[in-house]
Every structure is written in structure tokens, then in C-alpha cells.
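Each remark here refers to the structure printed beneath this line.
The values are calculated or read from the model by the stated rules, or taken from the named source; none is laboratory data. Since the model is a prediction, treat every value here as computed from it, not as a measurement. Here the Cβ positions follow ideal geometry from the backbone for every residue, glycine too, while neighbour counts run over all protein chains shown. These area figures cover heavy atoms from the full protein model, side chains too; ligands, DNA and RNA do not enter into them. Shrake-Rupley method; radii C 1.70, N 1.55, O 1.52, S 1.80 Å.
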Amino acid sequence: MSDQRIRLHGLRQSTVGHTASGLWRHPDSQAHRYRDLDYWLETARILERGRFDALFIADALGPLEVYQGRVDAALRDGIQTPTDDPLLAISAMAAVTEHLGFAVTVSSTYEQPYAFARKMATLDHLTRGRIGWNVVTSALDSAARNLGLTKQLPHDQRYAVAEEFMAVAYKLWEGSWEDDAVVFSGDTFADPAKVHPVGHDGTYYQVPGIALFEPSIQRTPVIYQAGTSPVGRAFAARHAEGVFLSTYRPDMARTLTDDIRARAATAGRDPGALKFLAIATVIVAETDAEAQAKLADYQRYVSVEGGLARWSALMHLDLSVLDPDKPLEYVDTDGIRGMLELFTTLDPTRRWTPRAIAEFVGVGGGGPVIVGSPATVADELERWIDEAGIDGFNIADPIPPVTFRDFTDLVVPELQRRGRVWTDYEGSTLRESFHGPGVTRVRPDHPAAQYRWKEPQS
Ligand SMILES: Cc1cc2nc3c(=O)[nH]c(=O)nc-3n(C[C@H](O)[C@H](O)[C@H](O)COP(=O)(O)O)c2cc1C
């Protein structure tokens, strides 16, 4: 058994129904309070008490309206529709915590890198180096239509745009202001000779000027990614420090971790520097029997229609036109190919009907549901770490914040007893949680490092 530290992220979206479908109807759920700042402050405090590395906030930029060609089912079930902006509660959460990081999802397809780089730098300033960015290219056609396009850019072109977006953002974060550009002495605030225009002239972006912000503690935020298509994996291998995985069995995760680590090595990076975090829902109680009873209670609230609305949007396929009890054939859509592969190719032992998918994902969404006493859960988490080659978990919160609190109160102490999670934070920035105390800037083998300011050779 590996003795490496298990890394923990908490998984949320600012919405009513995120990974689970229909569970907001459970009397203990506070999911409807996603609009209250108190709800987020309480979440942040719980996760910091559990010594989580970070809160990961997912996002989507359009309503889920593939199922039945309408938004109705998503609205009735509150399935990621409505959803609030993921960035705006972060400063407040940072104010009530000292170490917890914030990994926030922002789409490279719909932002301008110049303004976006400043937003991340601002959050890195305000959180004192605790910000991370989950780079997504977005897969909802409804987002494209509401954000100035008639339809989405094709899948691989969205990654080409993202690739150039990264280059522009890295130039702004790493290369525009020298470390000692801010003088703050005498009459001078910043030395103009040490602030450089980035001069980017590319296919999708022209950014001639200087970064509008002072360098922040981490400069480049910790980069996360979750692509599973070949082009998505290649992107993760080049850029990601944290890789989010959505799989149901350790062996399925292993194919991804092995492949992305191999690609990272080919790209000249230390494969061990990429940390893989698998989605997991943990239902824990003092005894196995109590935990099973808790799961059975939660399952009573699962909405099959809500689940179908969610997975229709993920698969780019209106599951309402299919017979709910007929196996789904492999369909090559322009959308979330990786997700589709997970169901139909990587787990051929199951006949995936629309109803079976909706029931299967009702509580756990895109990952396993691990149920039992603290010891049972810890055993299973350790098995995943060893067999999947992952570094930790992205713990979901289907009954917010009860599931996070149960995990923190029951599972974390058991993992601490086993020496598998830390009892206290070792650094103050998010990147130090990844790479160890003192490592606040991107490592030298990360592509952002090549954009650091260098004196021109004369
Ligand atoms: C754990 C996990 C979390 C994700 N979170 C988001 C998200 O918040 N917003 C989003 O638009 N896409 C999200 N995605 C989708 C991925 O960014 C990616 O588009 C998807 O896995 C398909 O991969 P591909 O683009 O390489 O085909 C997530 C995927 C996974 C596996």
C-alpha cells in the first residue's frame, strides 16, 4: 500500500441539484440556500476543519434543455438550472478561512483572456494565493446560443482556442511584470522599465499590452482540468496540476491516470506532479447498517426525470425520445464524448438503458457511492488510491452541507488515525498543498514557466 497523503477536495456548484438528482427535496438538505452567503461560509469552515485542500466549484453557462428539447424538466428538478456565478462567494469564504483553496471553473470559450487573467489575479490577491482554475471548454449548445454564437464551436476547435487562451494568460501572469517592478518608494509606485507588454498576436487573440495587475502570490493559479477525449487528455497532460476524474471503478480510472501521466512525461513534465482527484460520494455513519439505512433514505428522493435531464445535456442526446428501458447504443456526439465512453465502452458489463443510467447516477452523479462505517469507507478510499493510481478525491455533497459534515466528522479522523491525510496544513497557498511548502509558483516543467520574464539576449 502506498503511504502517500490522500488529497481531498469538496465538490459543489452554486445550484440546487448538482451531482445528485432530486435530493434537494430531502428535509435535511440545505441545497436551496446556495444563494445565501452564510451557506458558503459554513461550507468553507466545514472543509477547512476537515483539512480539505480546496473547495472545487463547478459551473455551466447555459440551461439544461436537451431533454424533450425544453428546459422544463431541469427547472422542475433544479438540475443545474438555475445556477449562480461561481466566483463571487470566494472572497467571503477566504475571509473566514486561512488555508482552504478554491478551485473555480471558468470557460475558456466564453472569456477574454485579458480580463479573465485579471479576475484570477485579483482573487489570488484577495485569497492570499489560494486560487485555482478548472479550465473547461464548455459543452452546452444553450450556452453558445446565449453568448453570441449561433451554435457551439466544434469540440476540438474549442480546445485549440483554449490552448491559445492559456498562452495569453500565462504571458500576462508570468511575463508582464518583473518580480521587483513594484517600487512603492519615493515618488514611484511601479518602475515602467520592469513592466512589459506581452505582444500577443495569434489566431484567436490579439493582446498587445501590459497586464493590468500586479503579480499575485502564485502568479498563475493552480491549473485543473477534466478532459477525457484524446484532445482533452492531451490538454490536461500539458497544463493540469490537478486532474478531475469521473469514473465508477478504480480500473476505469487507472486507464485515464496511466494515459495522462504518460502523455505528461512525453510533454516533458514530471508525471508525479499531476494530482488526480476522483469524484466520490461518501455516505457514512457510525455503523455499516446505519450508513446503508441513510443511503436507502436518500435514494427515496432520487428523480429519474431529473437524472435524464442532466445526462441528456451531458451526452448531447435527448434521452426522452428513447425507450427508457432499451439499451443505449454508442453514439458519437460532438459533446461530452468522454462521459459517453464511460458508460458504453469502459463498462461493457452493464446494459445501459436511459432509466438504468438515471437510477445509477441519482445519488452519486459521475462517481462511486461509497457507503459504510468510517473504517469501511476508509478501506474503500485506500483501495481506490492504490488501484486507480489517483492522489485523492473530489468529495460530492448530495445533501449539502450534511454530507460534507459527516465526512469531516467521521471519515477524516479515521484517515488521520491511519496517517493518510494531514492533521494540519503545511503551507499557506493552494500550490503548496499540491507541491509542498515553499512551492508557490508553477514548477519549472510547467508550460507557464517558459513565459517568465527573461532579459532579451543582446
Ligand atoms: C469531475 C469533472 C468535473 C467537471 N466539471 C465541469 C464543470 O464544472 N463545467 C463544465 O463545463 N465542464 C465540466 N466537466 C467537463 C469537462 O471539462 C470535459 O469537458 C468533459 O470531461 C469532456 O471531456 P472532453 O472535453 O475532453 O470531451 C467536468 C468533468 C469532470 C470529469
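Any idea which residue in region 213-233 is modelled with the lowest pLDDT, counting only those that are within 13 Å of the ligand (Cβ to nearest atom) and within 13 Å of LEU274 (Cα to Cα)?
Among those that are within 13 Å of the ligand (Cβ to nearest atom) and within 13 Å of LEU274 (Cα to Cα), it is ALA226.
Please work out which residue is farthest from THR408 (Cα to Cα), limiting yourself to region 67-86 and to residues that are within 16 Å of the ligand (Cβ to nearest atom) and open to solvent by less than 50 Å² (accessible area, probe 1.4 Å).
The selected residue is ALA74.
Considering only region 316-334, state which residues are on the phi < 0 side of the Ramachandran plot and either at pLDDT 80 or above or open to solvent by 70 Å² or more (accessible area, probe 1.4 Å) (or both).
LEU317, ASP318, LEU319, SER320, VAL321, ASP323, PRO324, ASP325, LYS326, GLU329, TYR330, ASP332
Select from region 354-402 the residues that are β-branched (Val, Ile, Thr), over 24 Å from TYR224 (Cα atoms) and modelled with pLDDT of 95 or more and list them in ascending order.
Hits for region 354-402 are VAL363, ILE370, VAL371, THR376, VAL377, ILE399, VAL402.
As an exercise: evaluate SER29 against (1) away from the ligand (no atom under 16 Å from the Cβ); (2) outside any loop (DSSP other than H, G, I, E, B); (3) buried (at least 20 other Cβ atoms within 10 Å of the Cβ) and give the number of the one condition it does not meet.
Here SER29 clears every test but (2).
TRP177 is checked against (1) more than 12 Å from the ligand (Cβ to nearest atom); (2) within 21 Å of VAL106 (Cβ to Cβ); (3) surrounded by 22 or more Cβ atoms within 10 Å (Cβ to Cβ) and fails just one. What number does that condition carry?
TRP177 satisfies every listed condition except (2).
Results for (1) open to solvent by less than 50 Å² (accessible area, probe 1.4 Å); (2) closer than 25 Å to LYS294 by Cβ; (3) aromatic (Phe, Trp, Tyr); (4) over 19 Å from the mean Cα position of the chain (by Cα), shown as yes or no for each residue.
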residue: GLY22; (1), (2), (3), (4): yes, yes, no, yes
residue: ARG51; (1), (2), (3), (4): no, yes, no, no
residue: LEU55; (1), (2), (3), (4): yes, yes, no, no
residue: LEU88; (1), (2), (3), (4): no, no, no, no
residue: ALA95; (1), (2), (3), (4): no, no, no, yes
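Of all the helices (runs of 4 or more DSSP H) wholly in region 359-426, which have at least 2 residues that are under 22 Å from GLY78 (Cβ atoms) and open to solvent by less than 10 Å² (accessible area, probe 1.4 Å)?
402-406
Please return the ranges of helices (runs of 4 or more DSSP H) entirely within region 112-172 where 2 or more residues are open to solvent by 20 Å² or more (accessible area, probe 1.4 Å) and closer than 23 Å to VAL207 by Cα.
113-126, 155-170
If a residue has to be out of contact with any strand residue (DSSP E or B) (no Cβ under 8 Å at 6 or more places or on another chain) and open to solvent by 10 Å² or more (accessible area, probe 1.4 Å) to count, how many in region 229-249 make the cut?
Of the residues in that region, 7 qualify.
What about PHE102, is it under 30 Å from PHE434 (Cα atoms), outside any helix (DSSP H, G or I), touching a residue at least 12 places away in the same chain (Cβ under 8 Å) and out of contact with any Asp or Glu (no Cβ under 9 Å at 6 or more places or on another chain)?
Yes; evaluated as a whole, the condition is true for this residue.
Just one of ASP251, ASP259 is modelled with pLDDT of 95 or more and not small (Gly, Ala, Ser); which is it?
The match here is ASP259.
Check whether at least one residue in region 291-301 is surrounded by 19 or more Cβ atoms within 10 Å (Cβ to Cβ), at negative phi, modelled with pLDDT of 95 or more and among the polar types (S, T, N, Q), and report yes or no.
no
What about LEU47, is it under 16 Å from the mean Cα position of the chain (by Cα), within 16 Å of the ligand (Cβ to nearest atom) and either without any contact (Cβ under 8 Å) to a residue 60 or more places away in the chain or in a helix (DSSP H, G or I) (or both)?
Considered against the rule, which asks whether it is under 16 Å from the mean Cα position of the chain (by Cα), within 16 Å of the ligand (Cβ to nearest atom) and either without any contact (Cβ under 8 Å) to a residue 60 or more places away in the chain or in a helix (DSSP H, G or I) (or both), LEU47 comes out as no.
Anything in region 60-91 that is touching a helix residue (DSSP H, G or I) at 6+ places or on another chain (Cβ under 9 Å), of a type in the set (A, V, I, L, M) and part of a loop (DSSP other than H, G, I, E, B)? List them, or say none.
Result: ALA60, LEU61, LEU64, VAL66, VAL71, LEU87, ALA89.
Name, by its number, the condition in (1) closer than 21 Å to THR137 by Cα; (2) more than 16 Å from the ligand (Cβ to nearest atom); (3) of a type in the set (A, V, I, L, M, F, W, C) that does not hold for ILE210.
(1)
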